[in-house]
Amino acid sequence: MARRRLRSSTVVLGGMGVLAATITSCGSEPDKRCVDPVTQEKLPSYECDDSTGSGRYYYGGSYSSGKAEGGSFDKTAVDRGGFGCSGSGGG
């Protein structure tokens, strides 16, 4: 009767979880969205990619009813943090 090899697959899956947590925790950029700085409505990304566009990047937060909220236009004000990170943000 053949024995099932569950232990090795458990170790591999556990290792993948640790790797995923490490990749997504420290050093990652906060989410950014291109929005109108006055109305905070979503704009196409090209509106934020050059100096002639009318949009600005809005970091963190989310969209609610088509408008950005809960974030900031200041990238440094959005704390990503995470497991094992040494925070250097203000607050």
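Read-outs throughout are calculated quantities, based only on the coordinates presented, and are distinct from any laboratory measurement. Since the model is a prediction, treat every value here as computed from it, not as a measurement. Here Cβ is always computed from backbone atoms with ideal geometry, including for glycine, and neighbour counts include all displayed protein chains.
Numbers for the structure displayed
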| quantity | calculated |
| --- | --- |
| Gain in span if fully extended, S64 to V38, counting 0.36 nm per residue against the direct Cα distance | 7.8 nm |
| Phi-based couplings in Hz for the range 31-46 (Karplus 6.51, -1.76, 1.60; Gly and Pro marked x) | 4, 10, 9, 8, 9, 6, x, 8, 8, 6, 7, 5, 10, x, 4, 5 |
| Most to least packed among 35-45, 53-63 [average Cβ atoms within 10 Å] | 53-63, 35-45 |
| Charge dipole (the range 29-77, unit charges on Cβ, about Cα centre) - positive-most of G61, Y46, F73 | G61 |
| Shape call, the range 29-77: gyration tensor on alpha carbons, a/c limit 1.5 | oblate |
| Cross-link reach list, aspartates and glutamates versus K75, counting only Cα pairs under 13 Å and skipping chain neighbours closer than eight places | E29, D31 |
